[in-house]
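Enquirer: Here you go, one structure.
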Amino acid sequence: AYDHMLKIRERNVSPSLVTYYKKPLLLHQGYMQWLFDYEGRRYLDLFAGIVTISVGHCHPKVTVAAQKQLARLWHTTNIYMHPSIQEYAEKLTSLLPDPLKVVYLTNSGSEANDLAMFMARIYTRNFDIICFRGGYHGGSPYTLGVTSLGPYKHGVANDFGCSATMLPDVFRGPWGGSHCRDSPVQTIRKCSCSGGVCHAKDQYIEQFKDTLNTCVPKKIAGFIAEPIQGVNGTVQYPKSFLKEAYQLVRERGGLCIADEVQTGFGRTGSHFWGFQTHDVLPDIVTMAKGIGNGFPMGAVVTTKEIASSLAQNLHFNTYGGNPVACVVGAAVLDAIEEDGLQKNCEEVGTYMLLELAKLRDKFEIIGDVRGKGLMIGIEMVTNKGSCHPLPNEEINQIWEDCKDMGVLIGRGGLYRQTFRIKPPMCITKRDAEFAVEVFHTALERHMK
Ligand code: PMP
C-alpha cells in the first residue's frame, strides 16, 4: 500500500508540495501528542502539523464538538446568522485586550494577513506595507509580497532571501536573521541573541528607520511582523525592538499588525498572545493554525473603528464563520483553558530549553538554542566558532535518525539549518525528556 500511495502522490499531487524525510511517512492516526503510521509505529509529534495541532490530535472534546455540529448544520455563509459565529466571536475577543474586539473569520493564515493588509490600506488611505526579512506571512499573491522565506526565497524573484514583490510598495525591513547575503552567519549570531540579550538593537532600529524613510510619501499603511519569527527558525527580536518599531510605524500613520499564526493561543507560555511578550498593543491581530487545532480556519481581530472602514460588501468569503469551524474554535479555547495548556507550555518549554542548552554546551554543532514556551529553535552549525550552517546532508542524518527513534521534528531557517520544536501544547515533561534523550543519541551517533 505504501508504494502505491507514493506512486499516486508522485503522479497526481502537485510536486510543489514538500514531503519530509527520505521515505515520507504514511500516517494513519493521531492521538494528542502522538502519531501512528500504517506499520503501527508511534511517533512523538514535535512539529504538530507545522505548529497547528494546538490542543492535541483528535482531542476528544474538540472531536465530539465537531461531530455534533457536523450532524446538525455544516454551512450557512454569513448571509444568515448561526449562534456559533456570535458565540465564538465573543469568546475569542474576550481573550484580547481592548479595543481589539471585532472579528473577521477566514479560512487560513494567508487569507487573514491578506485581509489585515487590505484593512490597513483602506483605513489609513496609505499604501506602503513594511515587513521584516525572514518573515513568513503566507503564500497568497498578496502575502507573498511580505513573505521572504520558505519556498519564496529563491526562484520567484531571484533575489537571494527575498520573495517576489507581488505588490508594489512593500518594503522589507532590516530584520535579517539568516537573510543577509554578505554575512549570513554573523547575522544569525547577532539576531539569535541566545539568552535574550542583544547588543544589536540600536543598529536594527537605525536600519528600520532607513526602511521607513524609503517609503514615499513618508506615510505608510501598515507594518506586519510575527512576535517570534516561526518559519525563519524561531528567531527572536532584541528586547524592546518591536516596541520601538511600533512607535516609529505609528509616527508615520501606519497600523501595526501582529501575525499570531504561530505564536498565539498560549504557545509562548508566559502569555496567551506573542505580542504581549513585547508589551505592545497591535491594531490588527491575525491568527490561524492553532486556532482550529487542524481544522482549516483563521481570523483577523481589530478595533471597531478599523473594522468599520470595511463597509458592507467590501469583503466577502464563503466559508469564513463556518459553523463547524466556530464550534471547533470554541472547543479549542475551552481545551486550552481546561487542560492548562498555556501553563504547560511555560513549564515543559522552560524545561526543554534548559535541557537543550546543556546539549548546546556539549556539542560543537549546536550553534544556538532559543525560543519561548513550546516554540523552540535549535540552530545547527559546522562549529560554534565559525557558525556556518551545518551542511544539509548532516542535518538530515540527525533528523532522520530522530524520526527512526520515534520523534518528529520540524525544520526552518534560510538553509533549513534550524530544528524547530513546536509540539502539540499537551506534551508532558516525560515526553520532553524522551525527545531530548533521542536528540542526544542522534547527535552522539552523528559525531562518531
Ligand atoms: N503567518 C505565519 C506566521 C505562518 O507561519 C503561516 C504558515 N506557515 C502563515 C502566516 C500562513 O498561513 P496559511 O498557511 O494558513 O495560509
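The values are calculated or read from the model by the stated rules, or taken from the named source; none is laboratory data. What you are looking at is a predicted structure, and each value in this text was computed from that prediction instead of being measured. Positions of Cβ are generated from backbone atoms using ideal geometry, with glycine treated the same way; all protein chains shown enter the neighbour counts.
Enquirer: Provide a single number: the residues in the range 96-152 that are among the β-branched types (Val, Ile, Thr) and surrounded by fewer than 21 Cβ atoms within 10 Å (Cβ to Cβ).
Expert: Residues of the range 96-152 that are among the β-branched types (Val, Ile, Thr), as a first pass: 102-103, 106, 122, 124, 129-130, 143, 146-147.
Retained after the next criterion (residues that are surrounded by fewer than 21 Cβ atoms within 10 Å (Cβ to Cβ)): 102, 122, 124.
So the answer is 3.
Enquirer: Also: Only one of (1) assigned by TED's automatic domain parsing to the domain that holds Phe439; (2) more than 16 Å from the ligand (Cβ to nearest atom); (3) not in a strand (DSSP E or B) is not met by Leu17, so which one is it?
Expert: Of (1) assigned by TED's automatic domain parsing to the domain that holds Phe439; (2) more than 16 Å from the ligand (Cβ to nearest atom); (3) not in a strand (DSSP E or B), only one is false for Leu17: (2).
Enquirer: While we're on this one: Which ones in the range 353-374 are surrounded by fewer than 17 Cβ atoms within 10 Å (Cβ to Cβ), at pLDDT 95 or above and either in contact with a Lys or Arg (Cβ under 7 Å, 6 or more places away or on another chain) or assigned by TED's automatic domain parsing to the domain that holds Asn232 (or both)?
Expert: Scanning the range 353-374 gives no hits.
Enquirer: Go through the range 90-140 residue by residue and tally those that are in a loop (DSSP other than H, G, I, E, B), within 16 Å of the ligand (Cβ to nearest atom) and not aromatic (Phe, Trp, Tyr).
Expert: Kept after step one, since they are in a loop (DSSP other than H, G, I, E, B), are these residues of the range 90-140: 94-101, 107-108, 125-128, 133-140.
Within this subset, residues satisfying the condition of being within 16 Å of the ligand (Cβ to nearest atom) are 107-108, 133-140.
Filter once more, keeping what is not aromatic (Phe, Trp, Tyr): 107-108, 133-135, 137-140.
Looking only at that region, the number is 9.
Enquirer: Name the single residue that is surrounded by the fewest Cβ atoms within 10 Å (Cβ to Cβ) among those in the range 425-436 being of a type outside the set (D, E, K, R) and closer than 14 Å to Glu347 by Cα. Walk me through how you get there before you give the answer.
Expert: As a first pass, look at the range 425-436 and keep what is of a type outside the set (D, E, K, R): 425-428, 432, 434-436.
This time we only want the ones that are closer than 14 Å to Glu347 by Cα, so: 425-428, 432.
Working: Met425: 30, Cys426: 24, Ile427: 27, Thr428: 13, Ala432: 24.
If we take residues in the range 425-436 being of a type outside the set (D, E, K, R) and closer than 14 Å to Glu347 by Cα, then Thr428 is surrounded by the fewest Cβ atoms within 10 Å (Cβ to Cβ).
Enquirer: For the range 239-260, indicate whether the set of residues that are closer than 27 Å to Tyr415 by Cα, away from the ligand (no atom under 16 Å from the Cβ) and not aliphatic (A, V, I, L, M) is non-empty.
Expert: yes
Enquirer: Hey, which of the strands (runs of 3 or more DSSP E) in the range 25-67, taking only ones fully inside, have at least 1 residues that are acidic (Asp, Glu) and away from the ligand (no atom under 16 Å from the Cβ)?
Expert: Numbers: elements: 27-31, 34-37, 42-45.
Where strands (runs of 3 or more DSSP E) fall fully within the range 25-67 and carry at least 1 residues being acidic (Asp, Glu) and away from the ligand (no atom under 16 Å from the Cβ), they are 34-37, 42-45.
Enquirer: Just a yes or no: is a residue in the range 231-238 within 16 Å of the ligand (Cβ to nearest atom), under 17 Å from Thr52 (Cβ atoms) and free of Cβ contacts under 8 Å to residues at least 60 places away in the same chain? Quick ask: steps written out before the conclusion?
Expert: Within the range 231-238, the subset within 16 Å of the ligand (Cβ to nearest atom) is 231-237.
Restricting the remaining residues to those that are under 17 Å from Thr52 (Cβ atoms) gives 231, 234.
Narrowing further to those that are free of Cβ contacts under 8 Å to residues at least 60 places away in the same chain: none.
Scanning the range 231-238, I find no residue that is within 16 Å of the ligand (Cβ to nearest atom), under 17 Å from Thr52 (Cβ atoms) and free of Cβ contacts under 8 Å to residues at least 60 places away in the same chain, so the answer is no.
Enquirer: Mind checking which residues of the range 94-119 are at pLDDT below 95 and under 15 Å from Ala225 (Cβ atoms)?
Expert: Matches in the range 94-119: Met117 only.
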